[in-house]
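Step one of this worksheet: look at the structure below.
Any read-out appearing in this document is the output of simple, stated calculations on the displayed coordinates, not a laboratory observation. In this text the structure is predicted, and so the values were computed from the model without any measurement. Cβ atoms come from the backbone with ideal geometry, glycine included; neighbour counts cover every protein chain shown.
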Ligand code: ADP
Ligand code: MG
């Protein structure tokens with residue numbers, strides 16, 4: 001059974017169709033990277049999986065259960081955005097604990113989860129700080145840590161490194177690769193337009209073009225046998 005199953009998904013905004021029938025099965029524990037030019041529908045696809053956008057037609061299944069109509073909070077999914085979306089007046093600990101508190105979880109369990117996530121992302125010594133006293137990379141690690149505390153079935157990342165400078169981007173990419181190794185059962189779907197991120201993180205890469213899937217394959221398959229020049233340019237040539 002696929003972890004995330006997309007079948008004939010279309011999405012229109014008003015009269016404009018932006019996803020034209022997406023079919024894709026993602027296995028449990030897979031790290032799948034969506035790449036493609038700006039505007040091709042990557043974020044919309046993620047937002048649909050997260051339940052932040054309605055599907056126009058088609059079927060989305062998470063762990064075999066049809067998700068259409070199920071609210072975002074009940075899908076077992078956590079999303080990390082390009083902007084960190086941290087609460088400025090809360091400490092790192094409080095930022096990571098907040099969602100769990102709202103859900104009514106017991107304090108001891110919250111504490112256990114926050115400390116485990118902090119350890120995973122090397123944030124233990126920053127738990128009392130406020131976001132303004134952290135670097136961009138640390139803030140994004142807090143946002144990722146917050147996702148980890150939810151113990152989701154599926155992690156969604158939408159260009160999580162694109163606000164970071166080059167050095168921090170590399171460091172944070174390595175943290176994410178690490179996270180993947182530490183959580184081998186979690187499914188991860190990761191949007192980027194950076195080939196290095198795609199090639200180094202992905203089990204499989206999905207190349208989007210104009211609301212369609214152009215090619216799916218392992219990094220090596222796409223590198224060795226791109227289906228056409230579009231894929232070759234996207235995978236092979238540095239920007
Ligand atoms: P990507 O993440 O690949 O850059 P998006 O999924 O953000 O692409 O956008 C795909 C297309 O859908 C674009 O043409 C974009 O303008 C359009 N779009 C995205 N969100 C909305 C919205 N809320 N209303 C109208 N059009 C949208
Ligand atoms: Mg986007």
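Odds and ends about this structure:
- Normalised Debye scattering of the stretch 1-110 at q = 0.18, 0.24 Å⁻¹ gives log10 I(q)/I(0) of -1.00, -1.36, counting only Cα atoms as equal scatterers and leaving out solvent.
- Taking each residue as 0.36 nm, the span from residue 224 to residue 174 lengthens on full extension beyond its C-alpha to C-alpha distance by 15.5 nm.
- Extension gain for the segment residue 101 to residue 163, taken as residue separation times 0.36 nm less the Cα-Cα distance, is 19.5 nm to one decimal.
- GNM flexibility winner over the chain from 92, 142, 18 (Cα, springs under 10 Å): 18
- Sequence-separation-based contact order of the stretch 29-139, relative, with Cα cut under 8 Å and 6+ spacing, percent: 20 percent
- Comparing mean-square fluctuations of 13, 157, 81 from a GNM of the chain with C-alpha springs under 10 Å, the top value falls on 13.
- Rel. contact order, % - alpha carbon contacts under 8 angstrom, at least six apart, the chain: 27 percent
- Convex hull volume of the C-alpha atoms in the stretch 142-210, normalised per residue: 101 Å³.
- Modelled spin labels at residue 210 and residue 74, positioned 7 Å past Cα toward Cβ, are 3.9 nm from each other.
- Convex hull per residue volume in Å³, alpha carbons only, for the chain: 128 Å³
- Computed [θ] at 222 nm, deg cm²/dmol, the chain (DSSP H ≥ 4; -39,500 (n - 2.57); rounded to nearest 500): -11000 deg cm²/dmol
- Segment residue 52..residue 233, full-extension length gain: 62.0 nm, with 0.36 nm per residue of separation and the alpha-carbon distance subtracted.
- Helix 166-182 and the longest principal axis of the Cα set of the chain meet at an angle near 90°.
- Cα long-axis angle, helix 92-102 against the chain (0 to 90 degrees, to the nearest 10): 80 degrees
- Listed residues 143, 167, 78, most fluctuating in the chain (Gaussian network, C-alpha, under 10 Å): 167
- Using a simple spin-label model with pseudo-atoms 7 Å out from Cα toward Cβ, residue 133 and residue 25 lie 5.1 nm apart.
- Legend: ranking of residues 223, 93, 87 from fewest to most surrounding C-beta atoms inside 10 Å; resulting order 87, 223, 93.
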